[in-house]
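Have a look at the structure below, then the notes.
The values are calculated or read from the model by the stated rules, or taken from the named source; none is laboratory data. Keep in mind that what you see is a predicted model, and the values were worked out from it rather than measured. We place every Cβ from the backbone using ideal geometry, glycine too, and count neighbours over all the protein chains shown. We work out accessible area using only protein heavy atoms, side chains counted, and drop any ligands, DNA or RNA first. Shrake-Rupley method; radii C 1.70, N 1.55, O 1.52, S 1.80 Å.
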Amino acid sequence: FPVTISALRAEGLSNNYVHALFKTLKLIFNAAIKKKIITEYPFNQYENPVYKAPIKDYLTLDEIKKWEKHIPEIKDPSTLESAIYFLLGISTGLRVSDWKTFDPNTHIKNGAVLLQAKKNGEWVSMPVNTLLARNIPRMIKHPLTIDEHTVNKKLKVIAAALDINKRLTCHSARHSFAVTICADRGVSSETCAELMGITINTCIENYCKVSQRKINQETLNAWKGL
């Protein structure tokens, strides 16, 4: 088994990509051993790459304001759609798979946005925040027509134009919702998880980063009058 982890990394492959490759290879070799196609398991002689959780970038409130202010300046249609629907993700926490099917006329009732249906048929909803309210006319005027891959490419273009040095993807909108729209503004992890349609543990472990802004707000409020 001539391929080593260091050799794969020398080819420019990331640690997590190598981890995924080795995981797939192990499944293949284990299946081959069970079917008695092979008898030796070569991975005992090699170090196993450890998965490292990637940095999950999100936009701060100031960056969201810059993003929204930049929208009228965008001329390219696909870039414009990407900017608008990225804001939809930020303001609602909706997955990118729900962006294209989101219809303001259907999903907004009595000042609340319907996010997802529960197993019991009840809808999880939240009040329409001002960021979403401002974005609705843009969405009506510019329906999303491009795929996720194209949106991800355009997000990089917008970020570069705004000097935002972050690796943004469509999923960064959900992280921005969890951290900047919810956690930083006092929304509990329990409520945030309910709005995003995930468990509390998933919300805490993968989304609700404790930012310095949140630390400052909570400690200053807690320590008043000491």
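Structural remarks
- Residue that is surrounded by the fewest Cβ atoms within 10 Å (Cβ to Cβ), among those in the range 117-134 that are polar (S, T, N, Q) and in contact with a strand residue (DSSP E or B) (Cβ under 9 Å, 6 or more places away or on another chain): Asn129
- Counted residues, the range 180-226 - those being of a type in the set (S, T, N, Q) and within 14 Å of the chain's Cα centre (by Cα): 3
- Among the candidates Gly89, Gly111, residue that is free of Cβ contacts under 8 Å to residues at least 60 places away in the same chain and either in contact with a Ser or Thr (Cβ under 9 Å, 6 or more places away or on another chain) or open to solvent by 40 Å² or more (accessible area, probe 1.4 Å) (or both): Gly111
- Among the residues of the range 156-165, none qualifies, meaning not one is of a type outside the set (A, V, I, L, M) and under 14 Å from the mean Cα position of the chain (by Cα).
- Which numbered condition Thr169 fails, given (1) surrounded by 22 or more Cβ atoms within 10 Å (Cβ to Cβ); (2) under 17 Å from Tyr85 (Cα atoms): (1)
Listed here are the residues, each with its yes/no results for (1) surrounded by 13 or more Cβ atoms within 10 Å (Cβ to Cβ); (2) out of contact with any Leu (no Cβ under 6 Å at 6 or more places or on another chain); (3) part of a helix (DSSP H, G or I).
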| site | (1), (2), (3) |
| --- | --- |
| Met139 | yes, yes, yes |
| Asn152 | yes, yes, yes |
| Ala160 | no, yes, yes |
| Asn165 | no, yes, no |
| Thr180 | yes, no, yes |
| Thr191 | yes, yes, yes |
| Val210 | no, yes, no |
| Gln217 | yes, yes, yes |
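- Residue in the range 184-204 that is in contact with a Lys or Arg (Cβ under 7 Å, 6 or more places away or on another chain) and under 30 Å from Asp76 (Cα atoms) present: no
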